[in-house]
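First the structure, in the form of structure tokens, and then the observations on it.
The values are calculated or read from the model by the stated rules, or taken from the named source; none is laboratory data. For clarity, every value in this text was computed on a predicted model and none was experimentally measured. Note: ideal-geometry Cβ built from the backbone for every residue, glycine included; neighbour counts use all protein chains shown.
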Amino acid sequence: MKKSELKRAAEEVVERLAGNYPDARCHLDFRNEFELLISTVLAAQCTDVRVNMVMVPLYDSKYKRPEDILSDGVDRFRDEIRSVNFFNNKSKAVISICDTLVKEHGGKVPGTMEELTKLAGVGRKSASVVLGNCFGREDVIIVDTHLKRVASRIGLIKESDPDKIEIELKKIIPADKQFRFSMRIGEHGRQVCKARKPDCGKCFLSDICKSAFRT
Ligand code: SF4
């Protein structure tokens, strides 16, 4: 597809997603950037449902600030999150994050991609989740498993590396629509264009999707 055609197709996808999922939102429960940052790190290769189940009661009862996790210490924190996949490595990452937040950011979550991605276990995807949901940044693409799968099936991307996908999509999705597009295409992946069996018969993109009725 020529670049101009790809841009037009992307515009159409953005518009239809907005019409169908106007209120698409993050599936992790959070009340502030600290909770979302920690839950996003814990949600890697784990379900949002599991992370919510484990973390919401902990945020309510004792983990209000990074200092609270640090004073519990790595062993107790690890015990608290034992039912989350890779709890061992994740508990070390969370302790490191909390330590950096306290020592370098006055206990607050920083609001830039550069600062966030310096934190242990925080890649561009997690940073984008926090920036979009908590800092009002519209110019972030969240390359998660749903976005990768659906954007690839539709034909919007060719790359498979997340950093390259981000660059590809940033060229064809307007900056002020990138965050909402990410949330909405993720929702489409959960509801219709599912990993195992996309429901092309019910899909509002089937007339423009290059994989329609082929997966
Ligand atoms: S037409 Fe099928 S493959 Fe394409 S986006 Fe819709 S559900 Fe996914």
Which listed residue, of V192, V130, V143, V122, is within 16 Å of the ligand (Cβ to nearest atom) and at pLDDT 95 or above: V192
Residue match in segment 142-159 (condition: closer than 30 Å to A9 by Cα, in contact with a Ser or Thr (Cβ under 6 Å, 6 or more places away or on another chain) and charged (D, E, K, R)): yes
Total residues in segment 176-215, condition among the polar types (S, T, N, Q) and more than 28 Å from A127 (Cβ to Cβ): 3
Where a residue in segment 30-58 is closer than 16 Å to R190 by Cβ and its partner, wherever it lies, is of a type in the set (V, I, T), with Cβ under 6 Å and at least six apart: A43/V51; C46/V84
Scan of segment 169-180 for residues that are within 12 Å of the chain's Cα centre (by Cα) and either crowded, with 19+ Cβ neighbours inside 10 Å or outside the structural domain of G19 (by TED's automatic domain parsing) (or both), ordered by number: F179
Filter pass, R82 being among the basic types (K, R), surrounded by fewer than 20 Cβ atoms within 10 Å (Cβ to Cβ) and within 30 Å of C193 (Cβ to Cβ): no
Residues being acidic (D, E) and near the ligand (Cβ under 7 Å from one of its atoms) - total across segment 195-215: 1
Pair list, Cβ under 8 Å, 6 or more apart: segment 196-207 residue more than 12 Å from I154 (Cβ to Cβ), other residue near the ligand (Cβ under 6 Å from one of its atoms): K197/T215; D199/V192; D199/C193; K202/V192
Hits in segment 144-161 - residues which are touching an Asp or Glu at 6+ places or on another chain (Cβ under 9 Å), buried (at least 18 other Cβ atoms within 10 Å of the Cβ) and farther than 15 Å from C26 by Cβ: A151, L156, I157
Failed criterion for K164 (all others in (1) modelled with pLDDT under 95; (2) surrounded by fewer than 16 Cβ atoms within 10 Å (Cβ to Cβ) hold): (1)
Unique match (being of a type outside the set (A, V, I, L, M, F, W, C) and farther than 29 Å from L147 by Cα) among R78, R8, R31: R78
Qualifying residue in segment 56-75 (condition: under 21 Å from G132 (Cβ atoms) and either under 21 Å from the mean Cα position of the chain (by Cα) or modelled with pLDDT of 95 or more (or both)): yes
Segment 143-168 residues that are farther than 19 Å from E5 by Cβ and in the same structural domain as V192 (by TED's automatic domain parsing), paired with ones that are hydroxyl-bearing (S, T, Y) and within 16 Å of the ligand (Cβ to nearest atom) (beta carbon under 7 Å, 6 or more apart): L147/S182
